[in-house]
Amino acid sequence: MGFFVYPNIDVEFREMPADTGKQHDAYVTMLNAQSSEIDVMVKKMVEIVQSDVVPSNVTTFMEPESHTALIEGQSPFIRNWPYQYALANDQEQSKIVGKVGVAPLPAGDKGSAAALGGWMTAINKYSKHPKEAWEFVKFMTGPEGQKISAIYGGLAPTLPELFKDEEVLKANPFFAEEGFVNALNAAVPRPVVPNYPEISEIIQINVSKALAGEMTVEQAVANMEKEMKAALNK
């Protein structure tokens, strides 16, 4: 099993402390306060990855590989962003149309928690039409644009009223399901730190090595704590 770095490892790592009811503003605080608990959580991740429940090469999966396994009928479940529902029900590429449900992630002692994600828009600094681009950004992040994204892209809106829109619900009926609503309400943001990419990479590298068997869980957690402290104290 090879060592493989992928940002979503950080996301899954973030969710596990939230499942236990531990909310923290920075990763380093979380590790200082409960290193032994983090050991247990990473060990659980290793246990799952090394079990017969998941493909042997799962540590090399990115989002395309994981959703392909699902829509090809090779996997009974997946944890992914809401757009997965649209792919799973796409008549042109999915073998499981109409056979997909949505539920919260497996719960910890304090319930279930999922990492809050999002989509971003940006304007290239070299754009010849920055004003027009800005108008388009405003349109796509407004009610009409978000409705289009929800209906045709399966993206969850950020505007509450769109979750009650008939056309949006017709395209994404699971938006009204109790499991999805509960998961949305339990979503937790990623800790806000000034150098998030660097902190995230520290987690990705060390947890990935633990999952691949190239490092013990204890060493991975110790490395994360040391490297995060150094990064945040710059």
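Of everything in region 41-59 that's at pLDDT below 85 and of a type in the set (Ser, Thr, Tyr), which residue is farthest from Val207 (Cα to Cα)? In this case the residue turns out to be Ser56. Report yes if Ala113 is closer than 27 Å to Gly179 by Cβ, at pLDDT 80 or above and surrounded by 15 or more Cβ atoms within 10 Å (Cβ to Cβ), otherwise no. Against the criterion (closer than 27 Å to Gly179 by Cβ, at pLDDT 80 or above and surrounded by 15 or more Cβ atoms within 10 Å (Cβ to Cβ)), Ala113 does not qualify. Of the numbered criteria (1) surrounded by 14 or more Cβ atoms within 10 Å (Cβ to Cβ); (2) assigned to a helix (DSSP H, G or I); (3) more than 18 Å from the chain's Cα centre (by Cα); (4) modelled with pLDDT of 80 or more, the one Met30 fails is (4). All of (1) modelled with pLDDT of 75 or more; (2) small (Gly, Ala, Ser); (3) outside any loop (DSSP other than H, G, I, E, B) hold for Ser36 with one exception: (1). Looking at region 56-100 only, could you name the residues that are closer than 20 Å to Asp10 by Cα and part of a loop (DSSP other than H, G, I, E, B)? Scanning region 56-100 gives Asn57, Phe61, Met62, Ile78, Arg79, Asn80, Trp81, Pro82.
Taking the criterion of being free of Cβ contacts under 8 Å to residues at least 12 places away in the same chain and not charged (D, E, K, R), the residues of region 155-180 that qualify are Pro157, Pro160, Leu169, Pro173. Within region 80-117, the set of residues being touching a residue at least 40 places away in the same chain (Cβ under 8 Å) and charged (D, E, K, R) comprises Asp109, Lys110.
Take the conditions farther than 23 Å from Val188 by Cα and exposed (fewer than 15 other Cβ atoms within 10 Å of the Cβ) and apply them to Lys164. Does it pass?
Details: farther than 23 Å from Val188 by Cα: no; exposed (fewer than 15 other Cβ atoms within 10 Å of the Cβ): yes.
For Lys164, the condition - farther than 23 Å from Val188 by Cα and exposed (fewer than 15 other Cβ atoms within 10 Å of the Cβ) - is not met.
Look through Ile123, Ile151 and report the one residue that is crowded, with 18+ Cβ neighbours inside 10 Å, among the hydrophobic types (A, V, I, L, M, F, W, C) and not assigned by TED's automatic domain parsing to the domain that holds Trp81. Walk me through it before giving the result.
Numbers: Ile123 fails: crowded, with 18+ Cβ neighbours inside 10 Å.
Criteria check complete, one pass: Ile151.
For region 195-217: of the residues being hydroxyl-bearing (Ser, Thr, Tyr) and closer than 16 Å to Glu12 by Cα, which is surrounded by the fewest Cβ atoms within 10 Å (Cβ to Cβ)? Once the filter is applied, the top-ranked residue is Tyr196.
Looking at Ala150, Ala122, Ala103, Ala113, just one residue is farther than 30 Å from Glu37 by Cβ, among the small types (Gly, Ala, Ser) and part of a loop (DSSP other than H, G, I, E, B), and that residue is Ala122.
The values are calculated or read from the model by the stated rules, or taken from the named source; none is laboratory data. Just so it is clear, the model here is predicted, and its values are computed rather than measured. Ideal geometry is used to build each Cβ from the backbone, glycine not excepted, and the neighbour counts take in all protein chains shown.
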